[in-house]
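Q: Handing you this structure, nothing more for now.
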Amino acid sequence: MVINTEFYENHFARQEERNGNIRANTKHTSKPRTKRRPSTKNLPIGFVLNAARGRYQVLIKNNQIDQNIICSRASEIRNLDIVPGDLVKISIKTQAGTEILGQIKEILPRKTVLKRTTDDKNTFEKIIAANCQQAFILIATKNPDPQPDFVNRVLKACEFSKIKPYIIITKTDLNENFIKPIDLNKIKIIKSTEIEEIKQILQNKITVFIGLSGVGKSTLINKMLDFGVITGEKRETNEVSINGDGRHTSTSSQAFQVKNMENSWVIDTPGIRSFGLGYIEDRENKAF
Ligand SMILES: Nc1nc2c(ncn2[C@@H]2O[C@H](COP(=O)(O)OP(=O)(O)OP(=O)(O)O)[C@@H](O)[C@H]2O)c(=O)[nH]1
Ligand SMILES: [Mg+2]
């Protein structure tokens, strides 16, 4: 008697699939593909420094030595945002020459998430940074002019995500008569020239820089690099465009380590034009 093994294999595969154990391989029907993934339990944990065009720069500790690894990400997390500040599990893939390549397998639960939507009606969330305890909201005295609505929105997002906000006033040299554009009750306001005070606030924290394009986020980062407050590569900066909108000079976010501090980072982000709060349900609270 000839037994049609393929029939039985397919039959049991379908049964297993119904039980939720495996997913049938639709391309090659005879061999079911397992849904179970290898455990990520023993994989090293890294800190995401930069995320741009599907490539992630991740810092891991290897025998007490910091290693920068360029990573892709596993297909099972392809729909999730991975941002600077994220802690991730990575598997080391290849060691081509001196460059080590890895793959992000898992994003560890985040303590905080600073996020926005494109507008208030939209619920599609864009994560700006993860695990930040505090945010520096940069406002220029002019060029670009302050936008109170924008600042209020970021403050609302910080409140929602339990992130402590600070207001950093930049370009104080351009407008000495700068008047506070909004009621900043209880929120600390610091000039971007007060580097010593800024340095104190950055200790033992992850801080994200937020602001319109051209307010001087990257300029302040560069100044802190010059003063030895943080370590890393200088950021590109550029003139603000004439219409005041500002070109977006920084195109991706980048984390910088506060010097001699293990868990202290600052994250420079690209300028943001619109800060939607589609994830806050209380619509009345949203309108400023
Ligand atoms: N006069 C003056 N110019 C400043 C100051 N801070 C920054 N600028 C200038 O403002 C322009 C924009 O600065 P950036 O640091 O590139 O601004 P950014 O916020 O990083 O902009 P994006 O990367 O596009 O979001 C540059 O030409 C800086 O030299 C300041 O305190 N005073
Ligand atoms: Mg910038």
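Readers should treat all values here as calculations from the given coordinates under stated rules, not as data from a laboratory. This is a predicted model, so every value here is computed, not measured. FYI the Cβ positions are ideal-geometry reconstructions off the backbone, even for glycines, and counts take in every protein chain you see.
Q: Using every alpha carbon pair in segment 45-107, what percent of pairs falls into each 10 Å bin from 0 up to the bin containing the largest distance?
A: Answer for segment 45-107: a P(r) of 24, 60, 15, 0 percent.
Q: Determine Rg/Rh for segment 133-211; Rg is computed over alpha-carbon atoms and Rh is the Kirkwood hydrodynamic estimate from the same atoms.
A: Numbers: Rg = 12.2 Å, Rh = 12.9 Å.
Reported Rg/Rh, Kirkwood definition of Rh: 0.95.
Q: Turning to a different aspect of this structure: Could you order peptides 39-51, 206-218 by the average number of other Cβ atoms within 10 Å of their residues, highest first?
A: 206-218, 39-51
Q: Please list 189-196, 118-125 highest first by mean number of surrounding beta-carbon atoms within 10 Å per residue. Present the calculation step by step, with values, prior to reporting the outcome.
A: Values: 189-196: 14.6, 118-125: 12.4.
Going by the mean number of other Cβ atoms within 10 Å, highest first, we get 189-196, 118-125.
Q: For segment 113-286, take the convex hull of the Cα atoms, compute a quarter of its surface area, and give me that in nm², please.
A: Working: hull surface 39.4 nm².
In nm², the orientation-averaged hull projection of segment 113-286 is 9.8.
Q: Also, quick follow-up: Give the peptides 62-68, 250-256 in descending order of average Cβ contacts within 10 Å, highest first.
A: Details: 62-68: 9.4, 250-256: 19.4.
With the highest mean Cβ count within 10 Å placed first, the list reads 250-256, 62-68.
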